[in-house]
Structure formats: C-alpha cells, structure tokens
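Some notes on the structure that comes next.
The values are calculated or read from the model by the stated rules, or taken from the named source; none is laboratory data. Every value quoted in this text rests on a predicted model; they were computed, and no experiment measured them. Virtual Cβ from ideal backbone geometry, glycine too; neighbours counted across all protein chains shown.
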Amino acid sequence: MRHPIPCLGTPPSNWQITRNRNLFHVIDERSIDGSEELLTVSHITGVTPRSEKDVTMFMAESLDGYKRCRSGDLVINTMWAWMGALAVTHVSGIVSPSYHVYRPKSANIHSRFFNYFFRTAGYITEITRNSRGVWTSRLRLYPSDFLDLECFVPPLAVQRAIADFLDRKTAAIDVLIEKKERLIALLAEKRAALIHDRLSNIKHSPTKLSYLVDLLHGFAYSSDSYIYSEAEPDSTRLLRGINISPGATRWKDVVFLPNLDFSSDIYSLRPGDLVLGLDRPWIGSGLRLAEIDETDCPALLVQRVARIRPLSALCKRYLTYTLLWSPFRAHIEPETTGVSVPHISPTQILSYKIPLPSRDEQRSIAEQLDSKTSQLRSMSEKLVMSVAKLKEYRQSLITAAVTGQLEIPA
C-alpha cells in the first residue's frame, strides 16, 4: 500500500515516492580562484547573484574555495533551510562553503519541478522536522538528513508540464502582486507626507521619549516550550515580530506557551498598548507599529518586540504619529544594527526627541491627521489583505500542482 508523505499526502497512482538520495547526490566542487559569479539563496527570491541583492553583510576577502554550482543544481542554505532558503539555480556560479549543493543523478529529473516541490510549505515543514538543533533558529539541515527525506516523482513529461504551468500562472500572479505593492508604497508615501507637513509646523522644544513613555523589551521565552499548532487549555499566545504589521496585528502564524498563569506577568499585553517590531521595523507599507485591542489579549510580549505605553504628558494617538513621522526613521536608520535583518534597540527609540505641545493640542493634531489619513489607511489595509490572499493562492496553487491534487496533462 502506498504511504503518504506527512503534510503532502499521497500522490497519483502513476507517480513514484522515493528518497532524495535516489534522485540527487552531493556535489563539493571548489573554486580555484573565486572568479565565478557569487550567488546567494533566499527563501523569497531563490538563488540570485549577490550583486543583485541589497546586502551589507561581511564579504570574505577571498572567494577561493567557495563551492561551485551550475544551472539545474539544488542549493540549500544549511542554517536557514527551515525558513525555506533552498532553490534550484538557473545560473552557474559559486556559493558559500556553508551551503550544500545537490545535483540530479539522471536526465529524468526536471529541476524546475523540484524547485517548486521542495519550496512548498508542506515540504519545508518536513525539512524543519528533520533538521537538527535545540532551537528553531539554530536548526541545521545536513546532507544525510535531506537525502533521507522522501519526495514525489511524476513521469518526466508530467514534471515538465507542471513546471511550465506554474511558470505561467505564478508569473501572472507576481505581476499583480507587484502592482498592488507599488500602490501600497505610494499610499504610504502620501500618508507620510501629510504627517510630515502637519508635525513640522509644531513650534515646541523637543523632548526625549525616555521622559514620556514606559517602554518594555519582550522576554526571551524558551522556544522548547512553544506549541506550534492549536492552543492547549490555559495556554497563552506569544506576540512575536512576525505578528506585527503596519497598523495591525496578524495572528496567522501563532505560537503558544502552555499551562502557565501569566495574569500578573509584566510581559502580559493589555488593550491600548503600542507594539513595535524591532527586527526589520520598516517594510513597504510602513512602520511595523500596531495597537493592541481586546481581541489580541491575552498575549505575551516576546523578545525583539517593544511595548510602548505613553505617560501622562503624552497622548497615544499623537505619539503614534510622531513614530510614523519621517524624523523617527532618520533618527533610527544611521544606527540600525544587523546585516540581513536590520534591528533597532529600545535605547535608540528612547533617545528620539519629539515636540511636546499640551495634551489638548496633541489631541487636536491627532484628530486632524486621523481625518486626513483615514481614507489612505483604509485603502492600504484592503490592498495589504488582497496581496496576502494572492500569496496564499499562489502557494496553494503550487502545492496542488506538485502533489497531483490538480491534474495537469502532459
């Protein structure tokens, strides 16, 4: 009896199920002088030339001894495979010695099909389960573990047909997503301009936020205790950076801590709290700053997220607009730390200075800006939801095609 692969199910009867070691073998060819194109692999863009990426991380003095790969090879970032940092390369070049390169064993393996298959959410779950490490962020996928994993193998003609189908469909979806994201960015620029015009006219001496807010950095709860599926009775959600979008919380990707009483925990969030993602704080649609409401609670504040509560001299809506104001970004970015993931610290936030009119004037300014920007914000939120649905549809379409749920004739 044919057995399913966890998270992927059972393929059509004319498809094979086999281990990766029967299809791929490890390649360890080294560059002599490092003159080849340097490539990098990302869970978002796949394998791309490093020269095309906006990367500020340390560059080795010499690329001698880097691993060579050629078009059609599968490249896996050992340390970030659990995040989906693996892909088939369409160009030849060299990659970091810490990556692993796998080459198809025969011409019956169509690389574009497996590029889609290995990057599905279900297969990434399998990779995560079979990686080694104590914490999720420290997981490593070693060649022996990857080669022991099973995969689906349709007939070669079907592999090609599925890859061609997905190339067409995903390209069309990506064009639509790009158009919507450009519009989101334009709306964010318009809103930022309105905020800047109003706040720039305030004639009051600046005051550091350290005198005006109570800021708390999240706690590093042990990931060993995380529950990644349904919440157990009496468990509590953790608010992580991934759950914060500009202007809203998103609970699609949730983890919990079980069976503990956090009612008096200082890291318990309450309605009205402002939360700010400290890793990659700015994205295309704006600053990852949101306000907690009743539906978000109970929840606990996790490391790399800051909770901000205004003190008596500061109106919360006014505070929100001063953080969305361009001088805040200008203050923060020169001292941003991190390479692939920019990070800001509570100290940087607290050293930011804002003009401090009376509370009545703060409230009046916030109401004016609410009136001017509410329509822009509403339009942006609808577009963000639309993009999220398109991305979900893209992923579900890929999964359905590469697992045989969607019949695509050869």
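Take S340 and tell me if it is modelled with pLDDT under 95, surrounded by fewer than 22 Cβ atoms within 10 Å (Cβ to Cβ) and of a type in the set (S, T, Y).
Criteria met by S340.
Taking D214 as the residue in question, decide whether it is closer than 23 Å to L274 by Cβ and at pLDDT 95 or above.
Considered against the rule, which asks whether it is closer than 23 Å to L274 by Cβ and at pLDDT 95 or above, D214 comes out as yes.
Which condition number does F58 fail, the rest of (1) assigned to a strand (DSSP E or B); (2) modelled with pLDDT under 90; (3) not aliphatic (A, V, I, L, M) being met?
Evaluating F58 over (1) assigned to a strand (DSSP E or B); (2) modelled with pLDDT under 90; (3) not aliphatic (A, V, I, L, M) leaves (1) as the failure.
Filter region 353-366 down to the residues that are out of contact with any strand residue (DSSP E or B) (no Cβ under 7 Å at 6 or more places or on another chain) and in a loop (DSSP other than H, G, I, E, B) and list them by number.
P357, S358 - these are the residues of region 353-366 that are out of contact with any strand residue (DSSP E or B) (no Cβ under 7 Å at 6 or more places or on another chain) and in a loop (DSSP other than H, G, I, E, B).
Here is a yes/no grid of residues against (1) over 30 Å from the mean Cα position of the chain (by Cα); (2) modelled with pLDDT of 95 or more; (3) surrounded by 14 or more Cβ atoms within 10 Å (Cβ to Cβ); (4) of a type outside the set (G, A, S):
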| residue | (1), (2), (3), (4) |
| --- | --- |
| T10 | no, no, yes, yes |
| N14 | yes, no, no, yes |
| D33 | yes, no, no, yes |
| L38 | no, no, yes, yes |
| V47 | no, no, yes, yes |
| D54 | no, no, no, yes |
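Quick check on this structure: which one of F146, F165 is closer than 18 Å to F24 by Cα, among the aromatic types (F, W, Y), in contact (Cβ under 8 Å) with a residue 60 or more places away in the chain and in a helix (DSSP H, G or I)?
F146
Exactly one condition in (1) surrounded by 11 or more Cβ atoms within 10 Å (Cβ to Cβ); (2) within 17 Å of P357 (Cα to Cα) is not met by E181; state its number.
Condition (2) is where E181 drops out.
Just one of the numbered conditions (1) part of a strand (DSSP E or B); (2) among the hydroxyl-bearing types (S, T, Y); (3) surrounded by 17 or more Cβ atoms within 10 Å (Cβ to Cβ) is not true of T18; which one?
Unmet condition: (3).
Yes/no matrix, rows are residues, columns are (1) closer than 29 Å to Y267 by Cα; (2) without any contact (Cβ under 8 Å) to a residue 60 or more places away in the chain; (3) not in a loop (DSSP other than H, G, I, E, B):
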residue	(1), (2), (3)
S312	yes, yes, no
P334	no, yes, yes
L376	no, no, yes
E381	yes, no, yes
Y393	no, no, yes
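Which members of region 84-101 meet the condition of being crowded, with 17+ Cβ neighbours inside 10 Å and over 15 Å from F146 (Cβ atoms)?
T89, G93, I94, V95, S96
Taking region 242-278 as the region of interest, how many residues are of a type in the set (S, T, N, Q) and at pLDDT 85 or above?
Number satisfying all stated conditions: 4.
When you check L239 against the structure, is it within 28 Å of D370 (Cα to Cα), at pLDDT 90 or above, surrounded by 17 or more Cβ atoms within 10 Å (Cβ to Cβ) and not charged (D, E, K, R), yes or no?
Yes; evaluated as a whole, the condition is true for this residue.
Anything in region 112-127 that is in a helix (DSSP H, G or I) and either crowded, with 18+ Cβ neighbours inside 10 Å or free of Cβ contacts under 8 Å to residues at least 12 places away in the same chain (or both)? List them, or say none.
Of everything in region 112-127, those that are in a helix (DSSP H, G or I) and either crowded, with 18+ Cβ neighbours inside 10 Å or free of Cβ contacts under 8 Å to residues at least 12 places away in the same chain (or both) turn out to be F113, F114, N115, Y116, F117, F118, Y123, I124, E126, I127.
L369 - would you say it is touching a helix residue (DSSP H, G or I) at 6+ places or on another chain (Cβ under 7 Å), part of a helix (DSSP H, G or I) and either at pLDDT 95 or above or under 20 Å from D279 (Cβ atoms) (or both)?
The answer is yes for L369.
Could you please let me know if V91 is at negative phi, under 26 Å from the mean Cα position of the chain (by Cα) and among the hydrophobic types (A, V, I, L, M, F, W, C)?
Criteria met by V91.
Can you tell me which residue in region 290-327 is surrounded by the fewest Cβ atoms within 10 Å (Cβ to Cβ), limited to those that are closer than 18 Å to H204 by Cβ and among the aliphatic types (A, V, I, L, M)?
It comes out as L311.
Of all residues being hydroxyl-bearing (S, T, Y) and touching a residue at least 12 places away in the same chain (Cβ under 8 Å) in region 337-361, which is nearest to G218 (Cα to Cα)? Just the residue, please.
Looking at residues that are hydroxyl-bearing (S, T, Y) and touching a residue at least 12 places away in the same chain (Cβ under 8 Å), I get S345.
When Y102 is evaluated against the numbered criteria (1) touching a Phe, Trp or Tyr at 6+ places or on another chain (Cβ under 6 Å); (2) over 20 Å from L156 (Cβ atoms), which criterion, by number, is the only one it fails?
(2)
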